[in-house]
Amino acid sequence: MSEQSPVRVAFIGVGGIASMHLANLLRMPEADVVALADIDLARIPDTLRLATARMSPPIEPPVIEAFDDAGRMLAAASPDCVFITLPPFAHGEAEYQCIEAGVPMLVQKPVGLDMPTVRGIERAIAARGLITAVGYQTRYSEAADTARELLADRTVGMAIGTYLGGMPRTLWWRIQEQSGGQVVEQATHVVDLQRYLVGEIESVHAAAATRLMTDAPSLNINDVSAATFQFENGAVGTLLNTCGLNDVPGESWDHGVTIVARDLSMWVWHEGGRIAQPGEVRELTNSTDCKYLLDEALVRAVQSGDASNIRSTYADAVRTLRVTLAIEESARTGAPVRPADLG
């Protein structure tokens, strides 16, 4: 497409997370949001209002064509790319519809809940040569850039990951069959950052339990989990997560990755980071919202045909999913699991 023309963007799934992407795209000069599809049409105006309220300054919600069927939307709107912002259990059909239409896509994490489904989609994307991105925004942070620069010539000893927070109000999130559990749905951001900064994970060993949120209706996920990792390069790592800290004031290190190298400790998250080494303690800040940079990377890739600035493709995100599924499997069986053995 012409680099002078705005990229025509559509959405499949217009729940809460879509409001963040919409707020970014509605203020992005290169983007034109042309269609929104959701099985619940009544949700679309609410999400638009939420999106425009997030903007600075807020604007009146624009009129955007709405559909209750993704296939009809793709045929009628002819978007240049699609943001698939669906809950984990709903992935699959929408991706194949976009692949059949030859439309690039940004897929909200996690990309699915099982390896056969996502591997099939991955192969279909590769066969069509489509541009893809996945919503791992911390890769686009300046803190992550600084970390990769500092670690380029250092040996990493350990990567400590944490995701310590409360339980979302969304009902599907607390149901294992629909969300995959906290590791798969939330702490996936931490696992992805560990992979991005340190490398591929060779094996995991995890323990988990439901101990804190036993009074939550319909809950059947673990609410505490602890995992240890062995990276392929020899580094070790951990992931600690809970959803039992509701309305509790947090600390910065509640979420993110702390890298330990010789005489260096470095905490990294999408909100910023911190470097500590002999004679220096430095706070890291991001001058631009990394969520905006994520969305911009896909839009510019579609506009130019150059996907080199996309930092998490669908194929890469499949490997992050595989690690989180391995953690869940290890917690269930009590035995170490090699992610590569899951397919």
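Only the coordinates and a few stated rules stand behind these numbers; no lab work does. Since this is a predicted model, take the numbers as computed values, not measurements. Every residue, glycine among them, receives a Cβ derived from its backbone with ideal geometry; neighbour counts consider all protein chains shown.
Looking only at Cα atoms, what is the convex hull volume of the range 225-326 per residue, in Å³?
Working: hull volume 17.6 nm³, N = 102.
Output value, Cα hull per residue: 172 Å³.
Please compute the Cα-Cα pair-distance distribution of the range 52-134 with 10 Å bins starting at 0, giving whole percents from short to long.
All Cα pairs considered, the percentages come to 16, 44, 28, 11, 1.
Evaluate the relative contact order of the range 105-175 (contact order divided by residue number), counting alpha-carbon pairs under 8 angstrom at least 6 apart; express in whole percent.
31 percent.
Evaluate the distance, in nm, between pseudo-label points positioned 7 Å from the Cα of Thr333 and of Glu65 along their respective Cα→Cβ axes.
Spacing of the two 7 Å Cα→Cβ label points: 5.0 nm.
Report the gain in length on full extension from Thr214 to Ser5: 0.36 nm times residue separation, minus Cα-Cα distance, nm rounded to one decimal. Don't jump to the answer; show the numbers that get you there.
Working: separation 209, 0.36 × 209 = 75.24 nm, distance 5.29 nm.
My answer for the length gained is 70.0 nm.
Using helices alone, what [θ] at 222 nm do you get for the chain, with -39,500 (n - 2.57) per DSSP H run of 4 or more residues, divided over all residues and rounded to the nearest 500?
On the way: 11 runs with 118 residues, N = 343.
It lands at -10500 deg cm²/dmol.
Below 8 Å between Cα atoms, with a sequence gap of 6+, how large is the relative contact order for the chain in percent?
Working: 726 pairs, mean separation 70.2, N = 343.
That works out to 20 percent.
Would you compute, for the Cα atoms of the chain, the largest minus smallest coordinate along each principal axis and list the three values in descending order, in whole Å?
The Cα atoms of the chain stretch 54, 46, 42 Å along their principal axes.
Put a dot 7 Å past each Cα toward the Cβ at Thr288 and Arg119; how far apart are the dots in nm?
My value for the distance between the label points is 3.7 nm.
Can you list the DSSP H helices in the chain whose Cα atoms extend at least 18 Å along the helix axis and whose mean Kyte-Doolittle hydropathy is -0.5 or higher? Mind dumping the intermediate values first?
Values: long enough: 115-128 (20 Å, 0.06); 290-304 (21 Å, 0.33); 314-333 (28 Å, -0.03).
Helices passing the filter in the chain: 115-128, 290-304, 314-333.
Tell me the relative contact order for the range 52-210 as a rounded percent, counting alpha carbon contacts under 8 Å between residues six or more apart. Show your work: numbers first, answer last.
Numbers: 133 pairs, mean separation 31.6, N = 159.
With pairs under 8 Å counted, the relative contact order is 20 percent.
If each of Arg54 and Ala75 carries a label point 7 Å out from its Cα toward its Cβ, how far apart are those two points in nm?
3.2 nm
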